[in-house]
Structure formats: structure tokens, C-alpha cells
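Have a look at the structure below before the remarks.
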Amino acid sequence: MKKVITYGTYDLIHVGHINLLRRAKELGDYLIVVLSSDEFNAIKHKTAYHSYEDRKIILEAIKYVDEVIPEYTWEQKVKDVVDNKVDVFVMGDDWKGEFDFLKDYCEVVYLPRTEGISTSKIKNDLHLGKK
Ligand code: C2G
């Protein structure tokens, strides 16, 4: 079984997230999403609208996702890849190059982001009454 792993906050789920998850799953048979905890989001200077628990429930309902585990630190990726016997690490290409150190442990794939959508755009548009 070819195992794929990806990381993120996945707040206010949108088509960019779904496109990433679908393409990540297409690279293997089993997709693990390592979901940023609320505490880790603070480290990323992000405040998610939905709690970790709610973001986890939402992700687990997506057919491409097989397992959701928590992301607490920047440093846990090697252990996650090794402990879960992961074959492919996938991220959107806004992260291109950032995780190449994982090439010693698994394949590293950066996928093109979906243009024109992001969680911060949604928040901003709603704030400005654009939608
Ligand atoms: N994404 C995308 N297209 C968009 C928006 C997001 O392909 N329009 C991808 C991102 O590249 C990422 C995933 O969707 O691979 C999740 O995005 P975020 O929830 O914003 O995750 P991020 O804050 O980048 O967290 O340790 C890594 C971090 O946890 C990554």
C-alpha cells in the first residue's frame, strides 16, 4: 500500500484544499493529513475559525482522506514519515523547496496551488462585505 502524507490548517475548507487532497490521494492508496493543532496555528501566526476538533471532523468526511493526525511542531515531519511508513510527501508549491530534507526518507512532491482562493481571501472578502 502506497502511503501519502500532507500537512495543513485546512480552515474554512475550499476548492483549493479539495484539489490538493484529490491530487495527493491520486499519488497513492492511503492519504494521511497532518492537521495543525490550534496551538501550532498560533506558532504559524494563524487563527483558525474552526477548532482543531471541528477541522478534523470536516477533513475525515472528505472521501480522499484516510486518516487525520495532529501537527504540533515544525520538527515532527521526519518522525511522521518514518513512523507511518510514508512513501510520498505532498504540499502545495507555495512550500516549494521548504521540505526537500524529507527526500532522504520519501518522495517529495509540490503541487501547483489553486489560483484565486485561500482561507484568508474568504475571511477578507466576507469582512469587506464582498460576498
Ligand atoms: N492550497 C492549495 N491551493 C490553495 C490554498 C491552499 O493548493 N488555493 C494547499 C496548500 O499549499 C497546502 C494545503 O492546501 O498544501 C493546506 O493549506 P493551509 O491549510 O493553508 O496549510 P498551511 O498553513 O500552508 O500549513 O507544516 C506545514 C504547514 O502546516 C502547512
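What to note about this one:
- Being within 13 Å of the ligand (Cβ to nearest atom), over 23 Å from Asn124 (Cβ atoms), in a helix (DSSP H, G or I) and of a type in the set (Val, Ile, Thr) is a property that holds for Val81.
- Test for Ile57: is it within 28 Å of His127 (Cα to Cα) and open to solvent by 60 Å² or more (accessible area, probe 1.4 Å): yes
- Residue list for the stretch 80-114, filter: in contact with a helix residue (DSSP H, G or I) (Cβ under 8 Å, 6 or more places away or on another chain), of a type outside the set (A, V, I, L, M, F, W, C) and exposed (fewer than 14 other Cβ atoms within 10 Å of the Cβ): Pro112
- Complete set of residues in the stretch 87-131 that are within 8 Å of the ligand (Cβ to nearest atom), more than 18 Å from Glu75 (Cα to Cα) and not in a strand (DSSP E or B): Asp93, Asp94, Pro112, Arg113, Thr114, Glu115, Gly116, Ile117, Ser118, Thr119
- The single condition among (1) open to solvent by 20 Å² or more (accessible area, probe 1.4 Å); (2) farther than 17 Å from Tyr10 by Cβ that Tyr52 does not meet is (2).
- Checking each residue in the stretch 19-36 for being buried (at least 19 other Cβ atoms within 10 Å of the Cβ) and either within 10 Å of the ligand (Cβ to nearest atom) or assigned to a helix (DSSP H, G or I) (or both) picks out Leu20, Leu21, Ala24, Lys25, Val33, Val34, Leu35, Ser36.
- Residue match in the stretch 6-17 (condition: over 14 Å from the mean Cα position of the chain (by Cα), within 11 Å of the ligand (Cβ to nearest atom) and within 19 Å of Phe99 (Cβ to Cβ)): no
The values are calculated or read from the model by the stated rules, or taken from the named source; none is laboratory data. In this text the structure is predicted, and so the values were computed from the model without any measurement. In this analysis, Cβ positions are derived from the backbone assuming ideal geometry, glycine residues included, and neighbour counts consider all displayed protein chains. Calculation scope for accessible area: heavy atoms of the full protein, side chains included, ligands and nucleic acids excluded. Shrake-Rupley method; radii C 1.70, N 1.55, O 1.52, S 1.80 Å.
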